[in-house]
Structure formats: C-alpha cells, structure tokens
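Only the coordinates and a few stated rules stand behind these numbers; no lab work does. Owing to the predicted nature of the structure, the values given are computational and were not obtained by experimental measurement. With ideal geometry, Cβ positions are generated from the backbone for all residues, glycine too; neighbour counts draw on all protein chains shown.
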C-alpha cells in the first residue's frame, strides 16, 4: 500500500466515527480531538484500523496517536 492509499483509508475510517461536521476536510496534521473523536472513539478507530489493515496496535501505543499522520505512520511501519 502507498502512503496515499493508507491515508485515504484512515480518512474514511475516521469519517465514519465523526459526529461533528463529518463532511469537513481532514488533513494529516489534524488531531483526532479536532475531528471530534474522544478517547473512546479513538479506541474504536484503532480497532477498525487493526481489522482493516490486518495489524495490531499494542496497548502502550494508544496514547501516541494524536494526529491523523501518527496513525498513518504507524500503519505504514507495521506493514
């Protein structure tokens, strides 16, 4: 998978969990808080990413995902 493919898939997964303004543009520098995801929705997003990308996110890594780019980088490194 390319960076663009991973980023597009993460954007799609994130958009499904956005309750506030789900049509707003998403950039790599956006934080998940800015996008309206609280800690529970972030856990849901990480679970969805695990299934979608067939990866495992260690529990101790969960706090490291602040920006969309953080998750993109993690997925690319895990593949």
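Label zone (residue 19, point 7 Å along Cα-to-C-beta; backbone nitrogen cut-off 19 Å) within region 33-49: 33-48. Among 23, 56, 11, the largest mean-square fluctuation in a Gaussian network model of the chain (Cα springs under 10 Å) belongs to 23.
Once you keep just the Cα pairs under 8 angstrom separated by 6 or more residues, what percentage relative contact order results for the chain?
Result for the chain is 40 percent.
In summary, the chain shows an alpha-carbon radius of gyration equal to 0.98 times the 2.2 N^0.38 Å reference for compact globular proteins.
Using the rule -39500 (n - 2.57) for each DSSP H run of four or more residues, divided by the residues of the chain, the 222 nm mean residue ellipticity is -16500 deg cm²/dmol.
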